[in-house]
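Note sheet for the following structure.
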Amino acid sequence: MGIPRPVVHGRSISVGGRKLHVRGVTYGTFRPFEGVPFPPPDTVRRDLEAMAEAGANTLRTYVPPPLWLLDLAQEHGLRVMAGLAWEQHVAFLDEPELSGRIAAKVARQVRECEAHPAILCYAVGNEIPAPIVRWHGKGKVEKFLERLHWEAKAADPEGLFTYVNYPSTEYLELPFLDLSAFNVFLEDENTFEAYLARLQNLSGDRPLLITEVGIDSRRNGHQKQAEALRWQVRHAFATGAAGVFVFSWTDEWHRGGHEVTDWDFGLVDRERQPKPSLAAIRDAFAEAPFSPEGPWPRVSVVVCTHNGERTLPECLAGVGALDYPNFETIVVADGSRDASADIARAHGATLVEIEHRGLSAARNAGVARASGEIVAFLDDDAFPDPDWLYYIAAPLRANGHGGVGGPNIPPEDDGLVADCVAVAPGGPIHVLISDREAEHVPGCNMAFRKSALEAVGGFDERFRVAGDDVDVCWRLQEAGLTLGFSAGAVVMHRRRDSVRRYLKQQYGYGKAEALLERKWPNRYNRVGSSRWNGRIYEQPAAGTFRRRPMVRYGTWGSGLFQSIYEPAPGRLSGLLLAPEFLLLIAALGGISTLGLLWAPLLLALPLFVAGIVASLWRAVSSGWRANSSVPGRSAFETLLRRSLTAGLFLLQPLARLAGRLRNGLSPWRRHLRPGAAWPRPRTIRVWSETWQEPGSRLQALQDALAARGGFVRSGGPFDRWDLDLRAGPLGGVKIRTAVEEHGSGRQLMRVKVWPRASAWGLIALAVPALFMVLALLDGQVGMAATIGAAVALIVALGIEGTGTAMALALDELERREEEGRDGGTDEPAAPAGGAGEEARPLPSVLRRERDEAVVQGLAARAQSGGVSRWA
């Protein structure tokens with residue numbers, strides 16, 4: 001009929017190039033009339049007319065709508081989310097014939113809708129009961145729903161499909177669906193808002209529909225129902241949902257062959273008389289997703305470009321289409337020699353031209369020119385969602401964050417290479433501490449209060465290509481500010497469209513990591529990987545090896561919110577994902593080659609082969625998972641996509657490692673000045689006249705050691721040590737502290753420092769030592785001497801690293817001890833015997849005289865037998 005059909009565009013639904021905010025109500029289920037499970041057509045017509053007057057643009061049915069209902073919906077400007085009915089409440093997979101009939105039935109129901117232009121999407125299922133899912137198992141239900149999806153998709157290839165889930169089976173992973181959909185009945189406002197933020201992160205890059213919200217007016221009253229629906233609809237849109245459906249249009253409800261008369265969820269009663277909730281949702285729908293009434297802060301959108309004429313027009317066209325009442329556009333041409341300046345002028349942007357000094361300098365130039373309270377940054381190869389600035393400004397206005405960011409999603413029309421790059425590792429991703437608070441937001445989609453940027457000195461101009469976003473996020477958090485994450489603040493970000501450009505980008509990222517490590521050594525571990533407190537939201541294919549999911553069902557499957565839990569990746573898994581794993585493979589390959597001279601060294605060959613196989617397996621399995629077989633796509637194209645993605649997984653660590661090593665980020669790097677202390681256990685006492693919370697005191701010690709070039713990590717909840725300090729890859733010291741309180745804010749911190757070889761250091765020593773002994777026993781004196789030299793070097797490096805770490809710890813503690821003294825006082829005297837009497841510090845001279853007297857007295861008493869061995 002020439003009417004455009006809905007399509008997915010990032011995290012939203014678009015119709016004819018315009019974003020559709022789904023404002024819906026549920027309709028049904030009803031007692032059948034003349035064999036059709038809907039009211040008479042005249043009643044339906046009046047209902048649809050009233051829905052449209054209330055501001056709804058979509059209705060949801062739980063059974064396939066007849067064509068006459070779809071015609072009526074189109075007549076009233078409404079779209080329909082069509083439910084496909086089947087036996088969801090029974091163990092449908094126990095009988096193969098039943099599951100086959102269900103699949104055929106779903107496909108037939110889709111065909112009967114005849115791809116009607118009023119169809120918004122189809123739901124291939126609704127809330128399969130949690131006991132049924134638990135009975136069959138997570139994987140089997142997921143595979144069956146995927147089967148239903150593709151059977152239905154074949155009947156209407158251009159249609160959008162979803163499955164309507166609910167919290168009790170939240171753990172179902174259904175990435176093949178076009179839309180994510182959840183029914184959510186939570187009557188506490190804060191809990192509801194927090195759970196919707198969680199659902200956004202579970203939905204990934206797909207639009208999220210909240211397909212049922214509501215409250216029973218019979219039990220809660222009409223006024224409370226109206227108030228609850230108002231904030232439920234408002235929060236659904238404010239958290240970035242593509243749409244929301246109010247349950248339900250009418251109190252009339254028929255289920256299982258019976259009228260349901262003890263629940264009243266409707267906006268109108270059974271006689272179609274409106275309740276106060278109808279006026280409430282009319283107002284809420286009118287403001288969706290945000291009310292344009294202010295005050296909305298002024299935002300300066302800064303686009304930095306260097307010869308970006310190819311993608312800049314699309315970027316600025318997207319900025320020009322933003323739906324926000326108060327913003328300006330600034331384009332910073334960073335030494336561009338192409339037509340970027342002319343393009344900026346043609347789109348009415350404020351142009352700032354500077355010499356080519358890199359990305360950070362360009363961002364700073366944009367901040368300096370900005371007149372907005374908020375400065376939002378957008379890459380020249382990205383374009384924003386029309387509501388981007390609302391979703392940027394809202395959390396900054398409401399939550400007091402210093403900055404905020406959102407998802408960046410690759411467009412679907414990027415091309416084959418860009419599609420493969422989008423699922424390859426190393427892309428721009430966010431790191432979240434919680435569902436609404438970020439530790440890092442990528443530079444292609446980030447915004448900050450201008451005052452916050454100025455307070456931390458803007459962007460560090462040593463970061464010319466990348467790393468500036470990580471650095472500024474860390475500096476803002478170090479200054480005590482927080483970063484928000486807004487799931488609705490979406491930008492479409494084009495990925496690199498050639499393998500060469502992708503590898504160049506990854507090399508640049510490796511170089512940026514080396515710069516970041518030099519500035520933030522405490523944020524990196526010994527291997528060279530950055531430490532994050534939050535969760536890294538990367539593409540699923542780019543993660544660790546797939547592990548068996550852990551689902552928390554609740555005792556006897558009784559959990560209302562049944563979630564999937566993933567344990568943190570172990571050290572081996574982390575090593576396999578690190579680019580430095582390639583160095584280990586190369587070392588094993590070299591040792592295996594020496595096996596041609598002496599056969600026992602061939603024992604390294606299986607490990608070398610295992611490393612190669614692990615890398616290949618990760619690449620091939622990731623390429624396979626990231627490019628599933630899709631109906632309508634040829635087998636050759638699927639194979640090509642999988643092969644290219646696997647190749648990117650193999651090449652990316654090489655490019656990233658090259659960028660790191662060439663710029664000084666290696667496992668053997670050293671940042672400490674020469675100097676060592678004999679590595680023996682020490683106990684140091686640090687007296688302070690100023691009170692400080694013990695955890696803060698320890699954190700300050702950790703930060704100071706890292707700032708002076710040490711590699712420091714904190715102990716875990718089961719460790720008796722507090723800090724692990726390394727100066728080299730093979731040795732270091734452990735530190736344990738205890739803080740004594742001595743009144744009037746004075747504290748004594750006891751610090752024990754003792755040498756400890758690293759596990760990798762012991763392995764690196766034990767293995768060649770074993771081969772040295774084997775060489776001697778085999779009469780290979782020359783080979784034994786060669787290996788012995790390697791053993792001696794390892795021992796020397798271990799002793800030197802341990803001694804250097806010991807010297808660093810002692811020097812820093814001595815410095816702190818000096819700073820803690822006040823007026824020549826040092827350690828406190830022993831507490832007096834009187835109850836409640838405060839301890840008083842002794843001058844250092846008196847302390848030494850006292851200690852000497854105590855030691856001499858104890859020695860004399862020990863000789864006379866007056867002191868037990870426990871004294």
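The values are calculated or read from the model by the stated rules, or taken from the named source; none is laboratory data. What you see is a predicted model; the values in this text were computed from it and never measured. Please note: Cβ atoms are built from the backbone with ideal geometry, for glycine as well, and neighbour counts cover all protein chains shown. In case anyone asks, the SASA skips ligands and DNA or RNA and just uses the protein heavy atoms, side chains included. Shrake-Rupley method; radii C 1.70, N 1.55, O 1.52, S 1.80 Å.
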Revision key, fill the gap. By residue number, the members of segment 236-259 that are in a loop (DSSP other than H, G, I, E, B) and open to solvent by less than 30 Å² (accessible area, probe 1.4 Å) are THR239, GLY240, ALA241, ALA242, PHE247, SER248, TRP249, ASP251
Study note, to complete from the structure: Quick count over segment 285-310, residues being outside any loop (DSSP other than H, G, I, E, B), surrounded by fewer than 24 Cβ atoms within 10 Å (Cβ to Cβ) and among the hydrophobic types (A, V, I, L, M, F, W, C), is 2
Review point. Of (1) in a helix (DSSP H, G or I); (2) open to solvent by 20 Å² or more (accessible area, probe 1.4 Å); (3) among the charged types (D, E, K, R); (4) within 17 Å of VAL712 (Cβ to Cβ), GLU812 satisfies all except one. Which?
Key: (2)
Practice item. Just one of (1) farther than 18 Å from LEU416 by Cα; (2) open to solvent by less than 20 Å² (accessible area, probe 1.4 Å) trips up ASN627, so point out which. Key: (1)
Check your understanding: All but one of (1) of a type in the set (Gly, Ala, Ser); (2) without any contact (Cβ under 8 Å) to a residue 24 or more places away in the chain; (3) crowded, with 16+ Cβ neighbours inside 10 Å hold for SER634; which doesn't?
Key -> (3)
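When you check GLN223 against the structure, is it touching a helix residue (DSSP H, G or I) at 6+ places or on another chain (Cβ under 7 Å) and of a type outside the set (Asp, Glu), yes or no?
Considered against the rule, which asks whether it is touching a helix residue (DSSP H, G or I) at 6+ places or on another chain (Cβ under 7 Å) and of a type outside the set (Asp, Glu), GLN223 comes out as yes.
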Study note, to complete from the structure: Exception for ARG662 within (1) open to solvent by less than 40 Å² (accessible area, probe 1.4 Å); (2) out of contact with any Asp or Glu (no Cβ under 9 Å at 6 or more places or on another chain); (3) within 30 Å of LEU503 (Cα to Cα) falls at (1)
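Among the residues in segment 269-279, are any assigned to a helix (DSSP H, G or I) and within 30 Å of ALA361 (Cα to Cα)?
So far as segment 269-279 goes, no, none of its residues is assigned to a helix (DSSP H, G or I) and within 30 Å of ALA361 (Cα to Cα).
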Revision key, fill the gap. Per the filter on segment 353-375, residues small (Gly, Ala, Ser), in a helix (DSSP H, G or I) and open to solvent by 30 Å² or more (accessible area, probe 1.4 Å) are ALA368
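Quick one: which of ALA181, ALA152, ALA115, ALA194 is of a type in the set (A, V, I, L, M, F, W, C), in contact (Cβ under 8 Å) with a residue 40 or more places away in the chain and at positive phi? Quick ask: steps written out before the conclusion?
Numbers: ALA181 fails: at positive phi; ALA152 fails: at positive phi; ALA194 fails: at positive phi.
Being of a type in the set (A, V, I, L, M, F, W, C), in contact (Cβ under 8 Å) with a residue 40 or more places away in the chain and at positive phi holds for just one of ALA181, ALA152, ALA115, ALA194, which is ALA115.
Within segment 478-490, which residues are under 28 Å from LEU322 (Cβ atoms) and either among the polar types (S, T, N, Q) or more than 16 Å from the chain's Cα centre (by Cα) (or both)? Even if it seems obvious, please write down each step before you answer.
As a first pass, look at segment 478-490 and keep what is under 28 Å from LEU322 (Cβ atoms): 481-490.
Result: LEU481, THR482, SER486.
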Review point. Can we say THR61 is touching a Gly at 6+ places or on another chain (Cβ under 6 Å) and modelled with pLDDT of 95 or more?
Key: yes
Practice item. Sort out which residues of segment 260-284 are within 13 Å of GLU53 (Cα to Cα), surrounded by 15 or more Cβ atoms within 10 Å (Cβ to Cβ) and touching a strand residue (DSSP E or B) at 6+ places or on another chain (Cβ under 6 Å), and write them in order of number. Key: ILE281
Practice item. May I ask you to list pairs of residues, at least six apart or on different chains, whose Cβ atoms are under 9 Å apart, with the first in segment 501-529 being open to solvent by less than 30 Å² (accessible area, probe 1.4 Å) and the second being among the aromatic types (Phe, Trp, Tyr) and in a loop (DSSP other than H, G, I, E, B)? Key: ALA512/PHE463; LEU516/PHE463
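How do the strands (runs of 3 or more DSSP E) wholly within segment 472-591 filter down when requiring 2 or more residues that are in contact with a Pro (Cβ under 6 Å, 6 or more places away or on another chain) and either closer than 30 Å to ALA194 by Cβ or at pLDDT 85 or above (or both): which remain?
Fully inside segment 472-591 and qualifying: 491-493.
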Point to revise | Enumeration of residues in segment 254-307 that are under 30 Å from ARG357 (Cβ atoms) and among the polar types (S, T, N, Q) | key: SER300, THR305, ASN307
Study note, to complete from the structure: Residue hits (segment 98-142; of a type in the set (Ser, Thr, Tyr) and farther than 30 Å from SER14 by Cβ) are SER99
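Looking at the structure I just gave you, is ALA807 without any contact (Cβ under 8 Å) to a residue 60 or more places away in the chain and either of a type outside the set (Phe, Trp, Tyr) or on the phi > 0 side of the Ramachandran plot (or both)?
The answer is no for ALA807.
I need a count of the residues in segment 460-483 that are open to solvent by 70 Å² or more (accessible area, probe 1.4 Å) and either touching a residue at least 24 places away in the same chain (Cβ under 8 Å) or in contact with a Leu (Cβ under 8 Å, 6 or more places away or on another chain) (or both).
Result for segment 460-483: 4.
Give the number of residues within segment 218-235 that are among the hydrophobic types (A, V, I, L, M, F, W, C) and open to solvent by 10 Å² or more (accessible area, probe 1.4 Å). Spell out how you get there, then give the answer.
Step one: list which residues in segment 218-235 are among the hydrophobic types (A, V, I, L, M, F, W, C), which gives 226, 228-229, 231, 233.
Going one step further and asking which of them are open to solvent by 10 Å² or more (accessible area, probe 1.4 Å), we end up with 231.
So the answer is 1.
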Point to revise | Those residues of segment 725-752 which are surrounded by 20 or more Cβ atoms within 10 Å (Cβ to Cβ), touching a Ser or Thr at 6+ places or on another chain (Cβ under 8 Å) and assigned to a strand (DSSP E or B), in sequence order | key: ARG726, GLY731, GLY732, VAL733, GLN747, MET749, VAL751
Revision key, fill the gap. Restricting attention to segment 384-413, the residues that are in contact with a helix residue (DSSP H, G or I) (Cβ under 6 Å, 6 or more places away or on another chain), buried (at least 24 other Cβ atoms within 10 Å of the Cβ) and within 22 Å of GLU309 (Cα to Cα) number exactly 1
**Study point:** Scope segment 10-37; condition touching a residue at least 60 places away in the same chain (Cβ under 8 Å), under 20 Å from VAL63 (Cα atoms) and of a type in the set (A, V, I, L, M, F, W, C); matching residues
**Key:** VAL22, VAL25, PHE30
Check your understanding: For GLU689, are the conditions met, namely being among the acidic types (Asp, Glu), at negative phi and touching a Gly at 6+ places or on another chain (Cβ under 9 Å)?
Key -> yes
**Study point:** Within segment 423-459, considering residues that are among the charged types (D, E, K, R) and assigned to a loop (DSSP other than H, G, I, E, B), the one surrounded by the most Cβ atoms within 10 Å (Cβ to Cβ)
**Key:** ARG436
Exercise for review: Check off (1) in contact (Cβ under 8 Å) with a residue 60 or more places away in the chain; (2) in contact with a Gly (Cβ under 8 Å, 6 or more places away or on another chain); (3) charged (D, E, K, R) for GLU314 and give me the number that stays unchecked.
Suggested key: (2)
Point to revise | Candidate set from segment 671-704 (those that are surrounded by 15 or more Cβ atoms within 10 Å (Cβ to Cβ) and over 25 Å from GLY745 (Cα atoms)); member that is modelled with the highest pLDDT | key: ARG682
Practice item. Could you please let me know if ARG756 is assigned to a strand (DSSP E or B), under 16 Å from ARG815 (Cα atoms) and open to solvent by 70 Å² or more (accessible area, probe 1.4 Å)? Key: no
